[in-house]
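Written below as structure tokens is the structure these notes are about.
The values are calculated or read from the model by the stated rules, or taken from the named source; none is laboratory data. All values reported here derive from a predicted model rather than from experimental measurement. Note that each Cβ is placed from the backbone with ideal geometry, even for glycine, and that neighbours are counted across all protein chains shown. Accessible surface areas use protein heavy atoms only, side chains included; no ligands, DNA or RNA. Shrake-Rupley method; radii C 1.70, N 1.55, O 1.52, S 1.80 Å.
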Amino acid sequence: MGAPDGIVGLELYESVALLRSLAVSSSCRGRGCGTALVAQAELFAKSRGAEEVYLLTSTAERFFERLGYTCVLREAAPVAIQRTQEFSTLCPSDSAFMVKRLPVKKSSAALEAH
């Protein structure tokens, strides 16, 4: 059994989540592995009640922009995210702070009302 092609970490805090530690092996880059890992993390976050996923990056801002993340001011971070070690001490202050609002599934009743 070899090393995994990629990994992703996710911290859940009620209605928000922090995506962290996305890493993809060099042999898997450019083949959709990172995109698939982020998509799975987002699905998991949503299944646990998260409405937004935040992240900090110093190297992959464009990658995450392609996935629908946008830069926001660090001062706008929810308190739960501000309290994380990654936000407060691990990531440099000049890291891009990004967010993606997860799509809300419309209920059948809401769809019938239109």
Note on the stretch 19-29: residues among the polar types (S, T, N, Q) and open to solvent by 50 Å² or more (accessible area, probe 1.4 Å) are Ser21, Ser26, Ser27
Of the listed residues (Gly32, Gly2, Gly6), the one being out of contact with any strand residue (DSSP E or B) (no Cβ under 9 Å at 6 or more places or on another chain), more than 22 Å from Phe97 (Cβ to Cβ), without any contact (Cβ under 8 Å) to a residue 40 or more places away in the chain and open to solvent by less than 50 Å² (accessible area, probe 1.4 Å) is Gly32
Picked from the stretch 92-112 (must be surrounded by 10 or more Cβ atoms within 10 Å (Cβ to Cβ) and over 22 Å from Phe44 (Cβ atoms)), the residue modelled with the highest pLDDT is Ala96
Taking the stretch 35-50 and keeping residues surrounded by 15 or more Cβ atoms within 10 Å (Cβ to Cβ) and not hydrophobic (A, V, I, L, M, F, W, C) leaves Glu42, Lys46
